[in-house]
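Reading through the structure tokens given below for one structure.
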Amino acid sequence: MSFDDTAREPDQMFSLNRDLTGELEYPTKIARFSNVYHLSIHISKNFGAETTKIFYIGLRGEWTEAYRHEVTICNYEASANPADHKIDQIMPETHFIS
């Protein structure tokens, strides 16, 4: 996430309330956050303090193992090299007699 991404429309916005006991929960839109692999949180304002301190962010949901396609190393030929593709049945050996 870069600062350019913060100008985009968020998937969900929360109006934060002062929480001295750390017991407030903010419900999320389930349809927006199903199958999440990466989550960026942008906090643009605080309650007037010079700095913002975040002590805990808890996420609730069902854990499922992520499927990750591993890197596949492939070599593709721009044009076929005949030396790599010898076919003896189609090209019989010829003997020159002089």
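All of the numbers you see were taken from the coordinates with simple rules; none came from a lab. Source: prediction; values computed, not measured. No Cβ is skipped: glycine too gets one built from the backbone with ideal geometry, and neighbour counts run over all protein chains shown.
With the Cα gyration tensor of region 1-77 in hand, give its eigenvalues times 5 under a square root as the equivalent ellipsoid semi-axes, listed largest first in whole angstrom.
34, 18, 13
Using +1 at the C-beta of Lys and Arg and -1 at the C-beta of Asp and Glu, which of ALA31, SER44, PRO10 has the Cα lying farthest in the positive direction of the dipole of region 1-77?
Towards the positive end, the residue furthest out is SER44.
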